[in-house]
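Colleague: My structure is below; once you've seen it, I'll send some questions.
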Amino acid sequence: MAAAVALPSSATGGATLPGSGPTVANTSTNNNNNNPAGNASSTTTTSNTTAPAQKPASSRTPAEPRRVRFNVGSKYHVMDVIGEGAYGVVCSAVHRPTGQKVAIKKITPFDHSMFCLRTLRELKLLKYFQEQNVSENIISIVDIIRPPSIEAFKEVYLIQELMETDMHRVIRTQDLSDDHCQYFIYQTLRALKALHSADVIHRDLKPSNLLLNANCDLKVCDFGLARSVRTAEQETGFMTEYVATRWYRAPEIMLTFKQYTKAIDVWSVGCILAEMLSGRPLFPGRDYHHQLTLILDVLGTPSLDEFYAINSRRSRDYIRALPFRKKRPFNVLYPNASALAIDFLTKTLTFDPKKRLSVEQALQHPYLEAYHDPDDEPVAPPLDEDFFAFDRQKDEISKEELKQLLFDEIAKKMTGRMAAQLLIFGEYWRTSRRDLEGFLDLSQS
């Protein structure tokens with residue numbers, strides 16, 4: 001899938017990759033590349049195995065930068081910290097044998113069982129989608145640092161593609177054309193088609209989880225909250241980990257509907273498009289009540305059918321107590337948006353998830369006609385029912401048992417495309433895409 005638009009440079013300048021025409025805004029500070037689960041920090045120097053992370057800009061007293069150690073061996077030259085989160089740090093690095101720039105995601109998941117669960121989910125899912133050859137718009141793992149023993153297993157190191165920026169930063173620093181909006185939404189939906197075909201819901205789509213490079217290639221990242229739609233309701237505490245930004249959360253999640261579906265992700269896509277069009281979040285709720293108020297201010301008071309689909313009596317009582325609200329048309333909210341963009345918003349941001357477009361329908365929407373190609377939108381087989389067995393048993397699994405599961409997953413032999421990619425890591429970066437895909441096809445025949 002070739003890029004069809006170029007990302008405009010911001011007023012602060014653009015960074016152009018060698019051999020590529022499109023540019024992205026200068027992202028040397030406060031970037032959130034290859035997001036581990038949170039905010040980013042800038043850097044000042046480089047080191048072989050220790051990446052320096054600068055103190056926040058608000059600090060008034062000069063101090064030595066905090067240094068983050070990456071135990072990744074000699075084949076990677078660690079450069080700068082480019083992202084930090086609650087339980088992970090991402091640095092840029094160079095693969096010494098080839099000179100290829102990569103991102104190294106260091107995760108320290110063993111302080112809390114929830115972090116172990118998220119890391120295990122993400123690792124299993126990223127490997128699965130790569131092995132199924134459907135990860136063109138999903139962040140890929142190009143290498144994994146394997147711990148020598150379970151006793152020495154303190155951190156997880158995933159080597160991934162290096163992406164220059166993310167959608168959150170682009171929206172904050174640049175005005176996007178309608179062509180950009182179409183292309184970015186198309187790529188997001190293309191990734192979602194692969195997920196949803198496997199019966200996986202992402203559950204945490206937001207601009208900072210959409211990574212971008214200078215060619216306008218988009219990769220969805222951060223699968224720590226993902227679930228199988230077939231088994232999610234069998235899990236205890238399905239909603240207990242929902243600590244992600246509420247601004248992109250569908251109303252059925254807020255109001256505890258009877259069933260959670262793939263429509264959760266489509267709602268998030270609609271919110272992201274609205275933010276691209278205006279440069280501002282559509283529903284920036286301060287808390288649960290404010291979030292619902294903002295949603296109802298736009299969508300209006302739910303119909304009777306929508307009202308009785310809400311499973312929680314407390315939520316129904318809350319809605320019933322609110323004053324009646326008329327629906328506000330999206331063409332009034334976004335007067336400069338095209339008619340097709342408005343129609344897309346109207347059909348993805350519906351209160352009733354059953355009336356929302358599916359991913360397949362969204363891809364077929366006229367707004368994305370310039371990019372939609374049903375022969376180039378791959379799908380993956382549905383996950384085995386035991387794929388997320390550890391989630392259904394998480395109340396009985398100890399942190400040490402989760403650590404063993406994660407250790408075993410890292411040690412597990414790769415298959416298919418991912419195995420070939422790891423085995424020929426050096427040649428992977430030097431070979432043309434066409435030649436590489438031909439080699440991979442031969443290696444799997």
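Colleague: Return the equivalent ellipsoid semi-axes of segment 344-411 as a descending list in whole Å, where each equals the square root of 5 times an eigenvalue of the C-alpha gyration tensor.
Modeller: Working through the eigenvalues yields semi-axes of 38, 18, 10 Å.
Colleague: Using the Karplus curve 6.51 cos²θ - 1.76 cosθ + 1.60 with θ = phi - 60°, work out ³J(HN,Hα) for each residue of segment 118-123 in order, rounded to whole Hz, and write x for Gly and Pro.
Modeller: 5, 5, 5, 4, 4, 4
Colleague: Could you sort the peptides 369-380, 172-183, 266-277 by per-residue average Cβ neighbour count (10 Å cutoff), highest mean leading?
Modeller: Result, highest mean first: 266-277, 172-183, 369-380.
Colleague: Which order, highest average first, do 213-220, 331-338 follow once you tally other Cβ atoms within 10 Å for each residue and take the mean per peptide?
Modeller: Those peptides, ordered most packed to least, come out 213-220, 331-338.
Colleague: Could you order the peptides 318-327, 184-193 from most to least packed, using the average number of other C-beta atoms within 10 Å per residue?
Modeller: 184-193, 318-327
Colleague: Scan around Ile310 for amide H atoms under 5 Å from its own, H built in the peptide plane at 1.01 Å from N, and keep only partners 5 or more places away or cross-chain.
Modeller: Here nothing satisfies the definition.
Colleague: In nm, what is the difference between 0.36 nm times the number of residues separating Asp175 and Arg325 and their Cα-Cα distance?
Modeller: That pair, Asp175 and Arg325, stretches by 50.8 nm at full extension.
Colleague: Compute the label zone of Asn311 within segment 186-209: residues whose backbone N is under 20 Å from the point 7 Å along Cα-to-Cβ.
Modeller: Under 20 Å, as judged by backbone N against the label point of Asn311, lie 199-204 of segment 186-209.
Colleague: Still on this structure, I have one more. Could you put Ser358, Ser149 in order, starting from the residue whose Cβ has the fewest other Cβ atoms within 10 Å?
Modeller: Lowest count first: Ser149, Ser358.
Colleague: Same structure again: Obtain the radius of gyration and the Kirkwood radius of segment 165-376 from its C-alpha atoms and give Rg over Rh.
Modeller: Expressed as Rg/Rh, it is 0.94.
Colleague: On each of the three principal axes of the Cα atoms of segment 145-232, give max minus min coordinate, whole Å, ordered largest first.
Modeller: If we take the Cα atoms of segment 145-232, the spans are 52, 33, 19 Å.
Colleague: In terms of the Cα gyration tensor, with a ≥ b ≥ c the square roots of its eigenvalues, is segment 63-137 rounded because a/c is under 1.5, prolate because a/b exceeds b/c, or oblate?
Modeller: Oblate, since a/c reaches 1.5 and b/c is not below a/b.
Colleague: Each residue of segment 90-100 in turn: what ³J(HN,Hα) in whole Hz from Karplus with 6.51, -1.76, 1.60 and θ = phi - 60°, glycine and Pro shown as x?
Modeller: 10, 10, 8, 7, 10, 6, 4, x, 10, x, 6
Colleague: Arrange the following residues from fewest to most other Cβ atoms within 10 Å of their Cβ: Cys91, Cys221.
Modeller: Fewest-to-most ranking of Cys91, Cys221: Cys221, Cys91.
Colleague: Right, next: Give a residue-ordered list of calculated ³J(HN,Hα) values for segment 110-117 (Karplus: 6.51 cos²θ - 1.76 cosθ + 1.60, θ = phi - 60°; whole Hz; x for Gly, Pro).
Modeller: Result, ordered by residue: 8, 7, 8, 4, 4, 5, 4, 4 Hz.
Readers should treat all values here as calculations from the given coordinates under stated rules, not as data from a laboratory. Quantities reported herein were computed from a predicted structural model and do not represent experimental measurements. In this analysis, Cβ positions are derived from the backbone assuming ideal geometry, glycine residues included, and neighbour counts consider all displayed protein chains.
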